[in-house]
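What follows is one structure encoded as structure tokens, with my remarks underneath.
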Amino acid sequence: MKHLVALLLLLAAPALADPVPAPTISPPDSWVPKQSGTLRVLNKLESTVQTVTLKVGQSQNLQSLSITLQACEVRPPDLPQDATAHLAVSNSQSDDPGFNGWILQNEPAVNMLQDPVYDIQLAGCT
């Protein structure tokens with residue numbers, strides 16, 4: 001009988017759950033640095049796309065372009081997914097000043113690379 005009373009008391013007591021930690025919420029302007037980035041380079045005259053993966057700080061010559069990946073970052077997991085890369089791009093066959101700035105994966109039209117032959121898009125950062 002004692003065991004039955006003890007069991008009933010245990011069942012009647014409210015269950016003590018482990019406290020749930022508050023979720024971490026990143027500020028909306030948060031970015032997480034990554035080690036490398038993958039770019040798609042479109043040659044508009046030849047209608048060809050080449051995929052290039054560079055480590056941060058690495059440069060690569062691709063046809064008449066010289067591309068340097070200066071940074072590659074992604075959004076934290078608790079924010080809408082996106083990636084951004086800081087590129088320095090020059091074209092040896094053009095007198096244009098080239099491009100030195102950020103491009104966004106989810107907003108490729110925002111990139112201000114203005115080259116009559118080439119377009120560069122960010123495929124992602126790893």
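Observations on the model:
- Within the range 105-126, residues that are in contact (Cβ under 8 Å) with a residue 40 or more places away in the chain and over 14 Å from residue 82 (Cα atoms) sit with their Cβ atoms under 6 Å from residues that are surrounded by fewer than 18 Cβ atoms within 10 Å (Cβ to Cβ) and not aromatic (Phe, Trp, Tyr), at 6+ positions apart or across chains, in these pairs: 117/44; 117/45; 119/42.
- Verdict on residue 119 being charged (D, E, K, R) and surrounded by 14 or more Cβ atoms within 10 Å (Cβ to Cβ): yes
Listed here are the residues, each with its yes/no results for (1) of a type outside the set (D, E, K, R); (2) in a strand (DSSP E or B); (3) at pLDDT 95 or above; (4) surrounded by fewer than 17 Cβ atoms within 10 Å (Cβ to Cβ).
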site: 24; (1), (2), (3), (4): yes, no, no, yes
site: 52; (1), (2), (3), (4): yes, yes, yes, no
site: 95; (1), (2), (3), (4): no, no, no, yes
site: 115; (1), (2), (3), (4): no, no, no, no
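- Taken together, 71, 88, 123 contain a single residue that is modelled with pLDDT of 95 or more, small (Gly, Ala, Ser), part of a strand (DSSP E or B) and over 30 Å from residue 24 (Cα atoms), which is 88.
- Verdict on residue 106 being under 21 Å from residue 36 (Cα atoms) and at pLDDT 90 or above: yes
- Single residue of the range 26-35 satisfying the filter (under 20 Å from residue 80 (Cα atoms) and modelled with pLDDT of 95 or more) that is surrounded by the fewest Cβ atoms within 10 Å (Cβ to Cβ): 33
The values are calculated or read from the model by the stated rules, or taken from the named source; none is laboratory data. Because the structure is predicted, anything quoted here is derived from the model rather than measured. When we count neighbours, we look across all protein chains shown, and the Cβ atoms used for this are built from the backbone with ideal geometry, even at glycine.
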